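Have a look at the structure below, then the notes.
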Amino acid sequence: MDKNLTEDSSSPPPPRPKWRKVAYGGMQTGYDDNYTDETFLDEMVMNANVVRRDLLKVMKDSISISQYLSIVALVVLVWFHTLQSSLDENSLLLLDLSLLALGFLVLLLTEEKMLSLTLLLRYLTNITFFTTGLYILAPVYQTLTRSISSDSIWAVTVSLLMLHLFLHDYSGTTIRAPGALKSPSLTSCISVNASVVASVFVASRLNSRGHVFGVMLFSLQVFLFAPLVSYCIKKFSFGLHLVFSFGLLGLTLYAVYVVHRLLFVLFLVVVVVVNVVCPYWLIRMQEFKFEINGPWDEAKLCFDITD
């Protein structure tokens, strides 16, 4: 009896079952819950999803930012000249009509396949109602902030413009383009609202109803439709987009230089930083990006789930 017990105690333990790599199999007998075998690091991949960027391409993409900065700067210059009474009502209304006609011409030339007579008539009808509503509400805008000090108005206006520039969608448009499948994002809508409120604050400091109507119409035309026109030009021809952007940038630099040389230097520095320094900085940072992927990552579905 004792001899049998001795033989049983000296017999080798049963072999452990082979470890299997399973996601939801529970604990396996003979292995800890966090056990990994020697092949665990064989599937490790470094920088698999890191996008290698080209400096010239990044600089070309950043032109859209400087283009819109030029547009906003031109709007501010029109505000400045209107507040200084150096731009009369007739000139302001002529500028509004010229921009509206030019915008429709660009849409006709670049989106002729997407635009139809019905769509154009709908655009014209909406613009008619929009313009009529602005003219009726001009006296309301004129007296809207009469009880608020000018310092507060200018501080809030500058803050709203900064918010507008920060949230603006520089790769898309503020309104849905003809034939587009996606609508503008939430941040883009907030950006547009900020620019509209800033325009109302500026218009409320003007003295005549005609100036209020002209400034509001000009501001809304630019903030709502200028991104659409720029988007259509870029989609139609990238070369034409570059020509339009550089022409607009040159016009803005000249207009700012006429107003004040210090502002010209500051705007030129901003353009250089946006188009040269930031792209170079982004390319340099790519060298220090280090991403590790392996079997420890969460599983990702490789197909779309549809109802």
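The values are calculated or read from the model by the stated rules, or taken from the named source; none is laboratory data. All values derive from a computational prediction rather than experimental measurement. Here the Cβ positions follow ideal geometry from the backbone for every residue, glycine too, while neighbour counts run over all protein chains shown. Only protein heavy atoms, including side chains, enter the accessible area calculation; ligands, DNA and RNA are left aside. Shrake-Rupley method; radii C 1.70, N 1.55, O 1.52, S 1.80 Å.
The figures follow:
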read-out: Selected residue [touching a residue at least 24 places away in the same chain (Cβ under 8 Å), among the hydrophobic types (A, V, I, L, M, F, W, C) and within 20 Å of LEU249 (Cβ to Cβ)] from VAL215, VAL222; value: VAL222
read-out: Test for VAL277: is it within 16 Å of SER66 (Cα to Cα) and either outside any helix (DSSP H, G or I) or touching a residue at least 40 places away in the same chain (Cβ under 8 Å) (or both); value: no
read-out: Residue match in the stretch 228-249 (condition: part of a loop (DSSP other than H, G, I, E, B) and either of a type outside the set (Phe, Trp, Tyr) or at pLDDT 90 or above (or both)); value: yes
read-out: Selected residue [surrounded by 11 or more Cβ atoms within 10 Å (Cβ to Cβ) and at pLDDT 90 or above] from LEU120, LEU165, LEU108, LEU115; value: LEU165
read-out: Members of the stretch 198-227 that are open to solvent by 10 Å² or more (accessible area, probe 1.4 Å), more than 28 Å from VAL265 (Cα to Cα), in a helix (DSSP H, G or I) and of a type in the set (Gly, Ala, Ser); value: GLY210
